[in-house]
Amino acid sequence: MDEILGQVLRNAVWERLDVLTELANRADAPSLLAVARSELPRLTEGWRTLLSAHDADEKGNCPECSSRWRPCKAPCTVWRSAYEHLVSGALAPRPARHLRPAHALREVAPVP
Ligand SMILES: [Zn+2]
């Protein structure tokens, strides 16, 4: 990929991220819901594709981040970034019940 094409690609991705950020900050609820329904599956699929490419090989190395002379142990920086942004960041699910403080637990009505 030549330098100009690389710059065009990077600019397009940055602009797309800016648009999504702007929508998240300013869109009304119905618009936000529509964007979430269309964009979240694309984003999750993108992460899946990216992470699959960075899955450990049979030697425990990332095939994308390793070179012939310099292996890179998995999990590589891509996986660590995914964990940081998806699990320990804002999208993190609530901690498991056994990890929550007792005062945060409330009784749940039994399912009939
Ligand atoms: Zn990698």
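The values are calculated or read from the model by the stated rules, or taken from the named source; none is laboratory data. Remember, it's a predicted structure, so these values are computed and weren't measured experimentally. No Cβ is skipped: glycine too gets one built from the backbone with ideal geometry, and neighbour counts run over all protein chains shown.
Remark: Ser67 matches the filter, which requires a residue to be polar (S, T, N, Q), within 12 Å of the ligand (Cβ to nearest atom) and over 19 Å from Leu86 (Cα atoms).
Output the residue which, of all residues in the stretch 70-85 that are surrounded by 12 or more Cβ atoms within 10 Å (Cβ to Cβ) and outside any helix (DSSP H, G or I), is nearest to the ligand (Cβ to nearest atom). Going through the qualifying residues, I end up with Cys76. Among the residues of the stretch 28-63, those identified as part of a loop (DSSP other than H, G, I, E, B) and more than 16 Å from Val78 (Cβ to Cβ) are Asp28, Glu58, Lys59.
Is it true that Arg37 is closer than 20 Å to His85 by Cα, out of contact with any Pro (no Cβ under 9 Å at 6 or more places or on another chain) and loosely packed, with under 10 Cβ neighbours inside 10 Å?
yes
The condition of being modelled with pLDDT of 95 or more and surrounded by fewer than 10 Cβ atoms within 10 Å (Cβ to Cβ) holds for only one of Ser52, Ser66, Ser88, that being Ser52.
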